[in-house]
Amino acid sequence: MIIFDVLTIFPALFDPFKKESLLAKAQKKKLLRLTAHNLRDWTTDKHHSVDDKPFGGGLGMVMKIEPIYKAVQKLKKKGKKSKVILFTPRGKKFTQAMAHDLSRQDQLIFICGRYEGVDERVAKNIVDMELSIGNYVLMGGEVPCMAVIETVSRLIPGVIGKPEFLQERLGKGRRKGFLEYPQYTRPEVFRARLAKGGKAINWKVPKVLMSGNHKDIEEWKSKHGKMIAG
Ligand code: ADE
């Protein structure tokens, strides 16, 4: 069982994410536990402030260290393999290989940054790793957090239907890498009309995929597929 503890000021964003799809099933099967905690629960002032003005001036607000510190202290399970991760666009780029490493932890504590940034003492002293999901700036770490939870969860045995689903596209003999090739299903010929009253055109499935010749099919998949770095 892997435990995901999310620290956020928008815990409700995670409600549908938790309740729908394979993640809900995985939680029922006790393969994982996902809890979104409201950072404001660890504030002590009457306004439940999680942010304040930056020292030295500057635009926007900065997330305070106290609620994050208290939350991590409370949530971190002693004697378990755990990692504390902060989402920020300046972090290390998240990869499939990192997802494999993270899936071997007992607990992952995710800090979802908002506003213009997070007090630097969080990154320096509380966090094991800063992660980014790409070179663009989102409004906060919640969407990156969901991306990481999904990527890690599907690597946990039993979460997706059959283990073969994970193995199938791993290039033979190579553990690292994932062959993402074009896929088709019925109908064999799809008739499309690009303009109202226009000529119909047929969008066909490549013949080789219906040939039953496994060698040819494998060759076709390699030729048209793209390796995703593992
Ligand atoms: N917060 C804002 N943008 C982000 C990104 N690209 N990755 C991770 N966290 C973020």
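Elements of the type strands (runs of 3 or more DSSP E) sitting completely within segment 69-160 and holding at least 1 residues that are more than 16 Å from the ligand (Cβ to nearest atom) and surrounded by 13 or more Cβ atoms within 10 Å (Cβ to Cβ): these cover 82-93, 107-112. Within segment 51-66, which residues are farther than 14 Å from Asn125 by Cα and without any contact (Cβ under 8 Å) to a residue 60 or more places away in the chain? Those that are farther than 14 Å from Asn125 by Cα and without any contact (Cβ under 8 Å) to a residue 60 or more places away in the chain: Asp52, Lys53, Phe55, Gly56, Gly57, Gly58, Leu59, Gly60, Met61, Val62, Met63. Would you point out the residue of segment 14-44, among those that are at pLDDT 95 or above and of a type in the set (Asp, Glu), that is nearest to Tyr115 (Cα to Cα)? By that ranking, first place goes to Asp41. Residues in segment 1-50 that are outside any helix (DSSP H, G or I), acidic (Asp, Glu) and without any contact (Cβ under 8 Å) to a residue 24 or more places away in the chain: Glu20, Asp45.
The values are calculated or read from the model by the stated rules, or taken from the named source; none is laboratory data. Everything numeric here is computed off the predicted structure, so don't read it as measured data. For neighbour counting, all protein chains shown are included, and Cβ atoms are generated from backbone atoms with ideal geometry for every residue, glycine included.
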